[in-house]
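The values are calculated or read from the model by the stated rules, or taken from the named source; none is laboratory data. Quick caveat, the model's predicted, so the values are computed rather than measured. Here Cβ is always computed from backbone atoms with ideal geometry, including for glycine, and neighbour counts include all displayed protein chains. For the accessible areas, the whole protein counts, side chains as well, though only heavy atoms, and no ligand, DNA or RNA atoms are used. Shrake-Rupley method; radii C 1.70, N 1.55, O 1.52, S 1.80 Å.
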2 protein chains.
Amino acid sequence: MTSIRKAACIGGGVIGGAWAARFALAGIDVNMYDPHPEAARIVGEVLANAERAYGMLTMAPLPPRGRIVFCASLKEAVQGADWIQESVPERLELKRGVLTEIDAAASPDALIGSSTSGLMPTDLQRDMKHPERMFVAHPYNPVYLLPLAELVGGGKTSAETLKAAQEKLAPIGMKGVVIKREIEAFVGDRLLEAVWREGLWLIHDDICDTETLDDVIRYSFGMRWAQMGLFETYRIAGGEAGMRHFLAQFGPCLSWPWTKLTDVVDLDDALIDKIAAQSDAQSGARGIRELERIRDENLVGIMQALKAGDGGRGWGAGKILAGFEKHLWKTAPKKEARPGREPLDLLEIKVHPSWIDYNGHMTEFRYAQCFADASDSLLRLIGVDMDYVAAGNSYYTVETHTRLLDEARLGDLLRVSAQILPSSDGRKLQSFMSLTRADGTLLATCEHLMLHVSSAEGKAVPPGADVMGRLQPLIDAHGDLPPPEGAGRSVGQKR
Amino acid sequence: MTSIRKAACIGGGVIGGAWAARFALAGIDVNMYDPHPEAARIVGEVLANAERAYGMLTMAPLPPRGRIVFCASLKEAVQGADWIQESVPERLELKRGVLTEIDAAASPDALIGSSTSGLMPTDLQRDMKHPERMFVAHPYNPVYLLPLAELVGGGKTSAETLKAAQEKLAPIGMKGVVIKREIEAFVGDRLLEAVWREGLWLIHDDICDTETLDDVIRYSFGMRWAQMGLFETYRIAGGEAGMRHFLAQFGPCLSWPWTKLTDVVDLDDALIDKIAAQSDAQSGARGIRELERIRDENLVGIMQALKAGDGGRGWGAGKILAGFEKHLWKTAPKKEARPGREPLDLLEIKVHPSWIDYNGHMTEFRYAQCFADASDSLLRLIGVDMDYVAAGNSYYTVETHTRLLDEARLGDLLRVSAQILPSSDGRKLQSFMSLTRADGTLLATCEHLMLHVSSAEGKAVPPGADVMGRLQPLIDAHGDLPPPEGAGRSVGQKR
């Protein structure tokens, strides 16, 4: 990938500041010019947000942060820069003036991008001496996270410029998407503007309030669009018959009186052919079943991510999922621990796509997750539920010994069973767990020690009588079982 | 929560079948009526998709699946049902007829929902004897995953009906969002239709193709809308000055010639006051900084979820993130293992919001993740990189012993260091790792054993000379260090 060596940001508001943060976090030095007295503060705040986000975003090694230097003049700022990003307020005369000034002061082969969200690049580059290297690079807030830059060339922009811009955006984690023809507001803001106008009508006419409108979006098509766009989503809706079928089925809606705005394109055969062909080129390599599978996995992943949102309280659709799960736990029939002379079945789970590493195997720490979930299941069996924990007592894991014996793969059905070890006395709960595939292959074992802790006393204490009454029969029943092969071992100990 | 006791689905296509799957997976028996010869096949396929998705969606205990019974008549199907969902094709006369038939055959207090995506409930309930219990419950595909049902009452629908419907949807994981006034296409499809129409113009006019349009959506506002809607997102864009400032700044765009469709609402003072007040009611409890923080955490979580998409190859913005990370790894300066007489620093990481359990502590298996990531880091230090693995050799973790000594909390900066143990000979790589908080508190230790395996030979073999040349100095340098406290122990072993 071709990297930007040095960047200049002209205009340091929320957008310009976030460009600077993107560059700096990718290791690129940035010259900043903005005469606004608050510019340094705003850029600092955006950079702090960006650093916080990148700390969570990736485990990959970020390079040493590039320096952000505030310059006294535009001319000084663009010296030595091979990418100059203009992000001044959205007025044609102002932007054109600034861009012309950049053009005059910059090295002739530096790329010059404008953050405009709607002005035509042909109008912006009109007075430049080297307009062929000027283009629109329209980002989306928050610029340091969202990867899109719409790349739009004007009448004088060269094709090489757009290609070079795409190449230089990749190493900073951005995707330059080239828009074929220039048009005011390009593609993204056209779509946003259509929704915004329709949304204003809905509020104006008291159909709903802003919160209801937002909920409708984020509980439904918002999640679809986070991973597939409009056409790929509808292609799936058309089923095996594909895009053409969808258009035949839903095209007529266009003439229904559904919106305030009824200047509607004629969905004639030529347009249907064009869309069907483009959709085939875009998605035709995968069947509808495969697209459905990918869509559902993505939606599951998004909802699980949102369940962890707002400091673990859940956000949006993730909060709804959390509520659903709480209901499932509350209404699940209390399993009774049936003391028997065999290990207890604790967990059955399928290997999730996100658990797989690049080798196609379940990644190391997911074994620990299976055993941790199984030990939670053991606790529920002996009556340690949400109410018990809320009353101030709980078991804490203090020690584990895990042996990885064979590989789990995507979609494998895994089971975890446990033998309670005789060292358990209630205050201590020590078990030996086995993780097997549905075909019976033993994949891993875990010797697991928990202590029962009272948060009031701040130390390990015996559990309540009810919990002990469920646990003791298990300890007794398993007391006669032979010690499991592998228990009591230290790491690397010879058999 | 009030639960549905028994459901009936009239119409068993993709929508009706997915309703049936939602009900059945929440433990509710379903009577299904659809004379279409393919109905059983379609419902079966949708149910299979839904079961697969739920297997990944939640660890909570799903109740025994409800039975789905195909009935010979509509009348038979609705017997005993307290929720009847109509999902027949989108034609007013047909739907009205079916709903009137349902009304006549069902128990008078059963709730009757229609899946219509656009017809007015007043028109649908016209001929009913008990229209007060009829309403629109408009879901979104895939119905078994997306939680939204738009609830819309007609002129004769009672307020109690909508309240009861909301209560009964919660235990099946759905959110009933009540739309204040009925209107064709309600709220979601109005917004979708506006985008669809605008999208068709963009394709028609060759501004872009379908793939570009989809990419623009999913790399930008699609991810924003998966977690916050239109108004909350724009509230943040307005900064500390809030919604009113945003409207003042961006309101004028409405009169710009940005779209083909220019019948635009007048954004007068009354409408501005209304939106600002509604937005305050919706989001005013949180400051803009807090909303930014939540938004960024959600976006990070969504991108990480998408990075795991398509069987780990990455999807959409997640694929871009994967490419960015690959670039970071490739361009990171190769760290040299500097053999010294102290443990090696391997990892520095912040506790991510999604790592926290309901107690506010880092959850058990994330300790294992930190140690697994640190051992990856150790491997890179000795030259086991992507190329080495691609050539057919790698280290596999076979055994770990972990002690959890103290709690990590949200935002804690964690460090992992390692001491190579003298049992290491290259074929075996045994280390003792310590996880500490930035303040120096020891939170956990892990004794970790890896074997160097040749995939061609299918067994443990010594590593290549280059790797051994980097590892041996570490083994030698650490050979003189005192054995770490806690190494060589089995679970529960007395000190």
Specify which of the listed residues (A:Lys156, A:Lys180) is without any contact (Cβ under 8 Å) to a residue 24 or more places away in the chain and in contact with an Asp or Glu (Cβ under 7 Å, 6 or more places away or on another chain). A:Lys180
Within the bounds of the stretch A:230-238, is there any residue that is touching a Leu at 6+ places or on another chain (Cβ under 6 Å) and assigned by TED's automatic domain parsing to the domain that holds A:Arg286? yes
Which listed residue, of B:Arg91, B:Arg96, is at pLDDT 95 or above and over 30 Å from A:Cys370 (Cα atoms): B:Arg96
So which residues in the stretch A:29-52 are more than 24 Å from the chain's Cα centre (by Cα) and open to solvent by 10 Å² or more (accessible area, probe 1.4 Å), if there are any at all? A:Asp29, A:Asn31, A:Tyr33, A:Asp34, A:Pro35, A:His36, A:Pro37, A:Glu38, A:Ala40, A:Arg41, A:Ile42, A:Gly44
Among the candidates B:Pro473, B:Pro483, B:Pro462, single out the residue that is open to solvent by 10 Å² or more (accessible area, probe 1.4 Å) and more than 18 Å from B:Pro343 (Cα to Cα). B:Pro462
Consider B:Thr402 carefully, then state whether it is within 16 Å of B:Cys370 (Cβ to Cβ), open to solvent by 30 Å² or more (accessible area, probe 1.4 Å) and either modelled with pLDDT of 95 or more or not assigned by TED's automatic domain parsing to the domain that holds B:Ile356 (or both). no
Kindly list the number of the only condition in (1) on the phi > 0 side of the Ramachandran plot; (2) assigned to a helix (DSSP H, G or I) that fails for A:Leu471. (1)
Kindly indicate the residue of the stretch B:292-337 that is over 19 Å from the mean Cα position of the chain (by Cα) and among the hydrophobic types (A, V, I, L, M, F, W, C) and also most open to solvent (accessible area, probe 1.4 Å) among those meeting that condition. B:Trp329
Scan the stretch B:355-362 and give yes if some residue there is facing chain A (nearest Cβ under 7 Å), assigned to a helix (DSSP H, G or I) and surrounded by 16 or more Cβ atoms within 10 Å (Cβ to Cβ), otherwise no. no
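For (1) within 30 Å of the chain's Cα centre (by Cα); (2) surrounded by 15 or more Cβ atoms within 10 Å (Cβ to Cβ); (3) more than 28 Å from A:Gly311 (Cβ to Cβ), each residue gets a yes or a no:
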{"position": "B:Asp412", "(1), (2), (3)": "yes, yes, no"}
{"position": "B:Gln419", "(1), (2), (3)": "no, yes, yes"}
{"position": "B:Ser424", "(1), (2), (3)": "no, yes, yes"}
{"position": "B:Phe432", "(1), (2), (3)": "no, yes, yes"}
{"position": "B:Leu435", "(1), (2), (3)": "yes, yes, no"}
{"position": "B:Asp439", "(1), (2), (3)": "no, no, no"}
{"position": "B:His452", "(1), (2), (3)": "no, yes, yes"}
Could you tell me whether B:Arg470 is among the basic types (Lys, Arg) and farther than 25 Å from A:Gln430 by Cβ? yes
Can we say B:Pro171 is buried (at least 20 other Cβ atoms within 10 Å of the Cβ), in contact (Cβ under 8 Å) with a residue 40 or more places away in the chain and not in a loop (DSSP other than H, G, I, E, B)? yes
Going by the structure shown, is B:Ser107 over 36 Å from the mean Cα position of the chain (by Cα), under 25 Å from B:Ala24 (Cβ atoms) and assigned by TED's automatic domain parsing to the domain that holds B:Val43? yes
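Yes/no per residue for (1) assigned by TED's automatic domain parsing to the domain that holds A:Val453; (2) assigned to a loop (DSSP other than H, G, I, E, B); (3) at pLDDT below 80:
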{"site": "A:Gln278", "(1), (2), (3)": "no, no, yes"}
{"site": "A:Glu297", "(1), (2), (3)": "no, no, no"}
{"site": "A:Asp373", "(1), (2), (3)": "yes, no, no"}
{"site": "A:Arg380", "(1), (2), (3)": "yes, no, no"}
Count of residues meeting criterion [under 31 Å from the mean Cα position of the chain (by Cα) and either open to solvent by less than 60 Å² (accessible area, probe 1.4 Å) or touching a residue at least 40 places away in the same chain (Cβ under 8 Å) (or both)] in the stretch B:53-81: 13
Could you figure out which of (1) modelled with pLDDT under 90; (2) among the aliphatic types (A, V, I, L, M); (3) under 25 Å from the mean Cα position of the chain (by Cα); (4) over 15 Å from A:Leu200 (Cβ atoms) isn't true of B:Leu230? (4)
Residues of the stretch A:83-100 being within 22 Å of A:Ala164 (Cα to Cα) and open to solvent by 10 Å² or more (accessible area, probe 1.4 Å), which ones? A:Ser87, A:Thr100
